[in-house]
Structure formats: structure tokens, C-alpha cells
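Here the structure comes first, spelled out in C-alpha cells, and everything after it is commentary.
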Amino acid sequence: MNARLFLALSVLVASALASLQASTSSDTRKQSSAGAPAPTYAKPTYGKDVAPILQKNCQVCHRPGEAGPFPMLTYEQTRPWAMAMKVAVQSGKMPPWFADHRYGKFSNAMSLTPAEIDTLARWADAGAPKGDPADIPPPVDWVEGWGIGKPDAVYELPVAFDVPSSGVIDYQHVIVPTGFAEDKWVQAAEVRPTDRRVVHHIIAFVREPGSHWFRDQKPGVFFTAPQVKTKEQPDTSALPSDFLVGYAPGQPPEVLRPGQAKLIKAGSDIIFQVHYTPHGHATKDQSRLGIVFAKEPPKERVLTLSATNGTFKIPPGNPNYRVDADFVVGTDVKLSGLHPHMHGRGKDFEYRLVFPNGETQTVLSVPHYDWHWQNWYNLEQPIALPKGTKIDCTAHFDNSPNNPENADPTKEVTWGEQSWDEMMVGFFNLVFDAKMPVENLFPDKKNAAGVASK
């Protein structure tokens, strides 16, 4: 688990305990002054009321090996966190979902109903009773170690990477041949670190046969990307395709709809890009990629692309600096998912569609971006994008002293790989006929990413 997430949760728990003490003291004073106890209501129990909520909304993360800092599979595991849960759900911190409900409908939306929030709060206030053990529903059959079920193929880093206790580590890359003798269609994919505490993110790219990308690097050996030598600052924000799947805290596995898949051509390699961040103790990581193959050739192919901007220069102290990026589709496609990415100064992010007829539609707004928990937002229904539609992205950055995530508000901030730098990337998934050449997606080779502005 990310160390900052654990610290944030610890603060939340302390706040909850203080709230509990204050509430208890206040209730005692009220009863004493009124001369009679407050009205009583039916007390929720773990087995009958709380466990079903946890199974549906919480256990996907709060179980061994996942991002949650503690498991919530049993009453004994959950009971100590009752008051912290109350504070977290009433404040909207949990479940972690940051999309403005006014824009877009998402199949993976994580949210509790007002009734569920009330149930968890009243359960905590009642002392978190267990109730009748016979009421506890059967446990969910979670597949330990994978969110995609048992993979058909697993690729891991050839050797464990030694992460020191401190210092700065450049992005690490390693090439792993797939050994595929024929084209393979991927229905689901997932990247999992073996030590989440030191992994900021991982991206598994597909390098097709004949690609010149890292052509001079040997497979199976960690390396850093060669630096581009130029007199002017280059825009290195564009990410290579094909993006198979990524990992970051909060990012779910890639599980595609029936009839859809991603393509890995025969003879392709997997290139892992890993960003390690030391946390105070030397450790090792040997991350893995799991793949589930489609059972039959798909009708539609899915490709992850992005609108990026690497030319921005955020002035020192600026609390609301705007950066724009866009991508124009070169043929008729469908949009199925969105994933904004920024670092600690990221403040908000918005996706808009600008159709050829001039109509504009906001499809995702994240008004309070949290770089510690980076959601994918999968649309309930894919949106048809006619040729020429522009995917327009706008982000704002807070480089002021009022931002607690700001590494240094006195410095100008530009695009960079490390956490104290910034990024502006609007990932998205496009869906199109499986037989269509990928080149048709691009109206031109450059497909300019946009410009930065105040």
C-alpha cells in the first residue's frame, strides 16, 4: 500500500476516535440535562446489515494483497474500524470516487446510498454489534492474488529490483518477450507489484515486431530510457502505443466487455515501465503481469490512447494554472473509458467531446483530483464519436503554498517523471472494428496535444 495512503488513514482513524469521545461526552451531558435517554431505534448488526454493504463496496480493496490498509472480510477484522468507517463514509472519503455526478454514468462507480451510509453510522454509534452469527452472509469467493481471476499467462520482471531505502530512482524499463507464435487477443489484464509501498506506477506496453522503440536494449535487463539531446526543451509527454494495462493506487485491472479485446501480435514484446519511490526501508519488487485471453476472436478492438501536454510551465505560487490537451479521432469510433493522470499539484480534470457539428458534451469532471488514488472511469454505455470529434481535456494545477501536496511552491514546474514534477495526461479507451487498421485512428501523424495557458 502507498505509505501516504496509510498515513492519511491513520489521521482519519485518530479523528474518528476523537469524534467518538466528543460524541459520547456530549450524549452523556444531554441525557443528564434532559433527565431521560434519547429515543432508541433498531440497531444495525454486522451480520444482517453491515456485512452485505462491505461485500458489495469495500472488500474489493480491503482484503489481503490489495490496496486497502486492513482487511474487512470478518467481523473481528472490521469491528476496530467502525468509527473510522463512519467518518470516512459520511465525509465522502470512502469509497474513493471523485467524479462529479452531474456528468457521465460509469459502470464501475463506487458509491454508497444514503441508506447505506446511515446504516454504517448507526452501527458504529451502537457499539458495532455482531448480531446473530447465522445472519452473516457466505463469504465472497475472492481469487487471491488477482482481480481478473486465474490468468492464462503470467509475465514477471526477470529479476527482482532492489529498491534502496532512500534516494531518487529513474524510471526503470525492462523488455520481456511474449514468445507468441500467433496473434493473441486479450480479454483482461492486470499488473501487480509485489511491494506496493515502493511502486508509484507501472505501465505494461506492447512492442510490436519491427518496432524501433528501444531497439538497442537487451531483453531481461533493467535500463533507463536514453535522454533526448536537444537545445530546446522537447515535449516528451506523448506515450507510445500500445498501452496494454497500467497500475497505480486505485487503478483497477483492465477487464473488457464480451466481444472486445486488446491485440498482442505474434512476436511482440512486453515493455514494463516501473516508477519506484523509496519509503525508508530497503526492499525488493518483482512485479507481475497477468493476462486472460479472449475465448474467440473479438468483433471489436480496444486501444488505450491519450491526450497529453508536456509544454506547460507552471509559475511559482500559482493556485489555479490551466493546461489543455486534445486528441482528434481520424475515423468513426466509440469511447468507453477515461483516466486522468497528474501529480501532487493536480487540482481538477475535465474531459469534453467536441463533435464535428459543434456540439460539446462534458463526459467527465473530477473537481477534486487525488493523485493517491487514480481511478479509471468506465462508461456505462460507450459513446459514438464520428470522424473529426475532438477529445478535449482541461486540467488545473495548484502550485501555491496552500497545497499540502506541493513539493516546492517557490519553483516553476514543468513536465517530468518524478513526483515533484508534473504530468498532464488524459488517457482514454477507444473501441473500433477489430479488422480496421490502427492508422485510421489518426488524422495526421502528429495529432498535436494542445497548448498550456494561464
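The values are calculated or read from the model by the stated rules, or taken from the named source; none is laboratory data. Predicted model, so just to flag it, every value in this text is computed and none were measured. Glycine gets a Cβ as well: all are built from the backbone with ideal geometry, and neighbour counts include every protein chain shown. In case anyone asks, the SASA skips ligands and DNA or RNA and just uses the protein heavy atoms, side chains included. Shrake-Rupley method; radii C 1.70, N 1.55, O 1.52, S 1.80 Å.
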Next on the checklist: Run the simple label-point estimate for D216 and E380 please: 7 Å along Cα→C-beta, distance reported in nm.
Outcome noted: 5.3 nm
Checklist entry - Given 0.36 nm per residue, what is the gain on full extension from F223 to D332 after removing their alpha carbon distance, in nm? => result 35.4 nm
Checklist entry - Using a basic spin-label model with each label point 7 Å from the Cα along Cα→Cβ, how many nm lie between D141 and D118? => result 3.6 nm
Checklist entry - Going by alpha carbons, how many degrees (0 to 90, nearest 10) lie between the helix axis of 3-34 and the longest principal axis of the chain? => result 20 degrees
Next on the checklist: List residues of region 254-272, by number, whose backbone nitrogen lies under 11 Å from a label position 7 Å along Cα→C-beta of F180.
Outcome noted: 262-270
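For the pair V255 and S91, what calculated FRET efficiency results from E = 1/(1 + (r/R0)^6), where r is the Cβ-Cβ distance and R0 = 30 Å, to the nearest 0.05? Before the final figure, lay out the partial values.
Details: r = 30 Å, r/R0 = 0.99.
Computed FRET efficiency for S91 and V255 comes out at 0.50.
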Checklist entry - Averaged per residue, what accessible surface does the chain expose to a 1.4 Å probe, in Å²? => result 49 Å²
Checklist entry - With point charges of +1 on the Cβ of Lys and Arg and -1 on the Cβ of Asp and Glu, referenced to the Cα centre of the chain, which listed residue (T389, A42, V333) lies farthest in the positive direction of the dipole? => result A42
Checklist entry - Taking every DSSP beta bridge that has both residues in the chain, what percent is antiparallel when rounded to the nearest 5? => result 95 percent
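Please compute the length gained on full extension between V354 and D100, using 0.36 nm multiplied by the number of residues separating them and subtracting their Cα-Cα distance.
On the way: separation 254, 0.36 × 254 = 91.44 nm, distance 1.94 nm.
Full-extension gain reported as 89.5 nm.
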Next on the checklist: Once each part is reduced to its C-alpha centroid, what is the distance from region 129-153 to region 341-389 in angstrom?
Outcome noted: 33 Å
Checklist entry - If you average 1/r over all unlike Cα pairs in region 308-454 and invert the result, what Kirkwood radius do you get in angstrom? => result 16.0 Å
Checklist outcome for this item: So for R0 = 30 Å, FRET eff. of E156-A266 from the Cβ-Cβ r, to 0.05, ends up at 0.90
Checklist entry - How far is it, in nm, from the label point at R79 to the one at K387 when both lie 7 Å from their Cα along the line to the Cβ? => result 6.6 nm
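I'd like the carbon and sulfur percentage of the solvent accessible area for the chain, probe radius 1.4 Å, heavy atoms only, ligands and nucleic acids excluded. Mind dumping the intermediate values first?
Values: 11810 of 22150 Å².
Percent of accessible area from carbon and sulfur atoms in the chain: 53.
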Next on the checklist: Under the 0.36 nm per residue contour assumption, what length would be gained going from the current alpha-carbon distance of D132 and N403 to full extension?
Outcome noted: 92.8 nm
Item to check | Cα-centred dipole magnitude for region 46-94, charges only on beta-carbon of K, R (+1) and D, E (-1), debye, nearest 20 | outcome: 100 debye
Item to check | Highest to lowest packing among 54-64, 148-158, scored as the average C-beta count within 10 Å | outcome: 54-64, 148-158
Next on the checklist: Based on alpha-carbon atoms only, what is the radius of gyration of region 401-443 relative to the globular estimate 2.2 N^0.38 Å?
Outcome noted: 1.99
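In Å³ and rounded to a whole number, note down the convex hull volume per residue for the Cα atoms of region 231-341. Working shown, then result.
On the way: hull volume 25.2 nm³, N = 111.
About 227 Å³ per residue, rounded to a whole number.
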Next on the checklist: Which one, G167, G131, C58, is farthest towards the positive end of the dipole of region 32-184 when Lys and Arg carry +1 and Asp and Glu -1 on their Cβ?
Outcome noted: G131
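Which whole-number percent gives the relative contact order of the chain, counting Cα pairs below 8 Å spaced six or more residues apart?
Working: 990 pairs, mean separation 82.1, N = 454.
The value is 18 percent.
According to the Cα gyration tensor, what semi-axes, each the square root of 5 times an eigenvalue, does the equivalent ellipsoid of region 324-384 have, listed from largest to smallest in whole Å?
Working: eigenvalues 109, 35, 21 Å².
Sorted largest first and rounded, they come to 23, 13, 10 Å.
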Checklist entry - At what distance in angstrom do the alpha carbon centres of region 44-93 and region 167-217 lie from each other? => result 34 Å
Checklist outcome for this item: In degrees, nearest 10, the alpha-carbon axis of helix 114-125 is tilted away from the dominant principal axis of the alpha carbons of the chain by 50 degrees
Checklist entry - What size of dipole, in debye to the nearest 20, comes out for the chain about its Cα centre when the only charges are +1 on Lys and Arg C-beta atoms and -1 on Asp and Glu C-beta atoms? => result 420 debye
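Sum -39500 (n - 2.57) across every DSSP H segment of at least 4 residues in the chain, then divide by the residue count to get the 222 nm mean residue ellipticity, nearest 500.
On the way: 5 runs with 65 residues, N = 454.
Computed mean residue ellipticity for the chain: -4500 deg cm²/dmol.
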Item to check | Dipole of the chain, positive direction: furthest Cα of F293, P80, S211, with charges on the beta-carbon | outcome: P80
Item to check | All-pairs alpha carbon distance profile, region 118-223, 10 Å steps from 0, percent | outcome: 9, 28, 25, 16, 13, 8, 1
